[in-house]
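The values are calculated or read from the model by the stated rules, or taken from the named source; none is laboratory data. All values derive from a computational prediction rather than experimental measurement. Virtual Cβ from ideal backbone geometry, glycine too; neighbours counted across all protein chains shown.
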Amino acid sequence: MSYTDLELASMEAVPAADDLVGTWDVRPNPHPASDAEREGVLAAPGFGKRFSDHMAHAVWTPDKGWHDFRIEAYGPLSLDPAGAVLHYGQETFEGLKAYRHEDGSIWTFRPTYNAARLNHSNRRLAIPELEHEAFIGSLVNLVRQDAAWVPNAPGSSLYLRPFIFASEAFLGVRAAERYEYLAVASPSGAYFTNGFQPIDVWVEREFHRAGPGGMGDAKTGGNYASSLLPKTIAHEGGYDEVMFLDAATDTNIDELGGMNVFVVMSDGSIRTPKLTGNILAGCTRSSILQLLRDDGADVREETLALADVLAGIESGAVAEMFACGTAAVITSIGSLSGKDFRVEIPGNKVTRTIYDRITGIQLGKVEDRHGWLYRLA
Ligand SMILES: *Cc1c(COP(=O)(O)O)cnc(C)c1O
């Protein structure tokens, strides 16, 4: 098998966390949350609502490049109203998690994949690249400062959101000449509060999230902005998520707009849409493909025509479908609906096995044969 550039980058050696301590200047928050306040948040964290006491922050200017690496109090930013991101959307982001293992140590999963993907997105958005060491150093120093914010309840984690945006105050249309890098941390609870709940997915035919030559394989707010109207309409119709088809032919499955899609066939083979440039190359997707290949499973990255998948569900050739991404890890797809169809997909046996395996590795309970775990603290 061959590896993608992101997969190759994810195998690069990175300095151990201890060697990255001090690469970001820690300026402690003078008003951190009280222990009681923090415990209250950690008892019922939800997702993305509450943030830890600190954030990482650095600045890029043409003369200095990335500089002023600091861990500072979490709080509002001061941004000029002409700040370029507010007008032209020049922004990229990442998402990964810090997990507490049973012995109290704190780990993250394939951070070099995220570091490399941030730069992949940066290149597409004409944003200056950030060195992998600076990226991982921001996470090490932030998480060490806010270690008390890493929950230890089963399925919970500290969600890390690194992002970059154009902050130059200038309304002319060109790549900006000032950028901010930030990483914020948000305690996040178990995604499945009521067990392994399948989601109902609306297959979108009117809107696409990305098209050929667009930004579909970059992790950038603009792609999410384009997915919000279809998502809102789908929610009003009682659906949990939207499945986008390829913009060129409107026939093939791309992804869910925040999660990649897999199809489990009843003959045991597994399929996922190949990376066309319109699909975000998920770290979870890559990890699942690798684990299945380790097992010698018949996994194929190929064009998945919606019509074929629907026919397969009707005939029984398709046994399960699931979506995957860092936030939810793996979500079983229970039904697909469109203007003129609705099909139920009852199975989730293989989906559960993969979910257990990948979360087992992340929590240090299943052997990490690929060296995916990185100890933060
Ligand atoms: C982040 C993201 C995913 C999932 O990627 P992971 O690395 O697995 O979290 C899938 N699709 C889109 C559009 C995304 O932004």
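Miscellaneous remarks
- Of the residues making up the range 316-334, those that are crowded, with 17+ Cβ neighbours inside 10 Å and more than 23 Å from the chain's Cα centre (by Cα) are Val318, Ala319.
- Restricting His67, His31 to residues that are farther than 29 Å from Tyr113 by Cα and of a type outside the set (Lys, Arg) narrows the list to His31.
- Test: residue in the range 305-328 that is aliphatic (A, V, I, L, M), at pLDDT below 95 and out of contact with any Cys (no Cβ under 8 Å at 6 or more places or on another chain): yes
- Residue count for the range 207-230, restricted to those that are within 12 Å of the ligand (Cβ to nearest atom), over 19 Å from Ile164 (Cβ atoms) and assigned to a helix (DSSP H, G or I): 2
- Qualifying residue in the range 231-239 (condition: of a type in the set (Lys, Arg), away from the ligand (no atom under 11 Å from the Cβ) and under 20 Å from the mean Cα position of the chain (by Cα)): yes
- Inclusion of Ala183 among residues that are free of Cβ contacts under 8 Å to residues at least 40 places away in the same chain, touching a Pro at 6+ places or on another chain (Cβ under 9 Å) and hydrophobic (A, V, I, L, M, F, W, C) is not warranted.
- Cβ separations smaller than 6 Å between residues 6+ apart or across chains give the following pairs from the range 200-219 residues that are more than 22 Å from Ile127 (Cβ to Cβ) to residues that are away from the ligand (no atom under 14 Å from the Cβ) and among the polar types (S, T, N, Q): Asp200/Ser335; Trp202/Ser337.
- Test: residue in the range 138-149 that is in a helix (DSSP H, G or I) and within 16 Å of the ligand (Cβ to nearest atom): yes
- For Ala190, the conditions (1) touching a Pro at 6+ places or on another chain (Cβ under 7 Å); (2) modelled with pLDDT of 95 or more are fulfilled apart from (2).
- With respect to (1) assigned by TED's automatic domain parsing to the domain that holds Arg123; (2) within 28 Å of His54 (Cα to Cα), the lone exception for Val173 is condition (2).
- Top-ranked residue in the range 161-174 [being among the small types (Gly, Ala, Ser) and over 25 Å from the mean Cα position of the chain (by Cα); ranked as nearest to Ala82 (Cα to Cα)]: Ala169
- Qualifying residue in the range 166-183 (condition: away from the ligand (no atom under 16 Å from the Cβ) and at pLDDT below 95): no
- Residues in the range 231-251 that are part of a loop (DSSP other than H, G, I, E, B) and of a type in the set (Ser, Thr, Tyr): Tyr239, Thr249, Thr251.
- Among (1) within 16 Å of the ligand (Cβ to nearest atom); (2) part of a loop (DSSP other than H, G, I, E, B) - the single one Ala9 does not satisfy: (2)
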